[in-house]
Amino acid sequence: MTLRPLAATFPGLSKLPPHPQAARGGLAATGAFLIWGLVPVYWKQLQSVAPLELITHRIAWSMVFLLGIVALQRGFGELRAVFRNGRLLGLNLLSSVLLATNWTIYVWAVNNGHVIESSLGYFQVPLVNVALGSLLLHERLRRLQWLAIVCAALGVGYLLLRADHVPWIALSLAGTWSSYGLLKKKSSLGAITGLTVETLLHFPLAVALLLWWHHTGAGALGRVDGRLHVLIIMVGVITAVPLLLFAFGAQRIQLTTLGLLQYLGPSVQFMLGYFLFREPFDSARLQAYGFIWCGLALYTADGFWAQRRRLPGGPAAGGNPQRS
């Protein structure tokens, strides 16, 4: 999840007084990002299953879980309304394609020894969001935001020149997730309804593929041990639970706090890739990542400064606002 789509979903969130359940919200958001950070360990247990099949299972079992939540919330009326709105349906169809693409690349990358590069992709998401906001939404960028983007671009360029490696996994993950966030910004649906619609649009194809693979003997269900069966069926829970925790936390903590917590996921992924999975990380990659991390530090500092200027008594209150 990213800062700009969240700001669109909860306008003025950073200006609100502390929520009475802020502590619980912080724990929920932390839990969401920790799950997203630790999920490579889960996918590694399913390496024997093809990534595309895992994604179809993820869609199918997520659908079961999400429909249960929608039923509890009595939200089927809102779902029906979406399918009567051609523009909204088209928007969610496009976002669902981006989400499925992001999932497929990520699962493939994790199960093929690219956890560190995957973490780089999600580290870059906030900076790609800022760049997309400037290019597509004509949002004005402040100096530190420009400098953050330049630092990230230098890091990617350094990877190309010194590491002799095109970080296509990181760029694809950052690009698909940021584009997904951009589309979500244009959608009026809530988190659960939106995800349910996106999943429902892919559900018929996912079920058809699973049935075909089972018929041809290529599918995993019925042909793996009990432990793998449980792990496959639980992918719906693994998908939906952090999203629910995130939605709960996002409504109860400040946007700046959430912005800092979003780095928890890729940080945990990076440590898993380096310390647990022993993926290569030479000096050239360290220097390239250093540029990107500097960009993130500048981006975070800019966010703090911008919020401080908006608060009563901040520098903006004295009539000396920072120029963009």
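Quick notes
- Filtered by the rule that a residue be over 18 Å from Tyr106 (Cα atoms), out of contact with any Leu (no Cβ under 7 Å at 6 or more places or on another chain) and of a type in the set (Phe, Trp, Tyr), the stretch 255-290 gives Phe275, Phe281.
- Exclusive hit being surrounded by fewer than 17 Cβ atoms within 10 Å (Cβ to Cβ), in a helix (DSSP H, G or I) and in contact (Cβ under 8 Å) with a residue 40 or more places away in the chain, set Val64, Val156, Val128, Val107: Val64
- Sole exception among (1) touching a Gly at 6+ places or on another chain (Cβ under 9 Å); (2) surrounded by fewer than 17 Cβ atoms within 10 Å (Cβ to Cβ); (3) touching a residue at least 60 places away in the same chain (Cβ under 8 Å) for Ser119, by number: (2)
- Of the helices (runs of 4 or more DSSP H) contained entirely in the stretch 186-267, those carrying at least 2 residues that are of a type in the set (Ser, Thr, Tyr) and crowded, with 18+ Cβ neighbours inside 10 Å fall at 191-216.
- Gly290 vs. criteria closer than 19 Å to Val39 by Cβ and either modelled with pLDDT of 90 or more or surrounded by fewer than 19 Cβ atoms within 10 Å (Cβ to Cβ) (or both): no
- Only one of the listed residues (Leu88, Leu52) is out of contact with any Lys or Arg (no Cβ under 6 Å at 6 or more places or on another chain), surrounded by 18 or more Cβ atoms within 10 Å (Cβ to Cβ) and at pLDDT below 95. That residue is Leu88.
- Residue match in the stretch 90-104 (condition: part of a helix (DSSP H, G or I) and out of contact with any helix residue (DSSP H, G or I) (no Cβ under 9 Å at 6 or more places or on another chain)): yes
- Residues of the stretch 134-153 that turn out to be hydrophobic (A, V, I, L, M, F, W, C), surrounded by fewer than 15 Cβ atoms within 10 Å (Cβ to Cβ) and not in a helix (DSSP H, G or I), as a count: 1
The values are calculated or read from the model by the stated rules, or taken from the named source; none is laboratory data. This is a predicted model, so every value here is computed, not measured. Ideal geometry is used to build each Cβ from the backbone, glycine not excepted, and the neighbour counts take in all protein chains shown.
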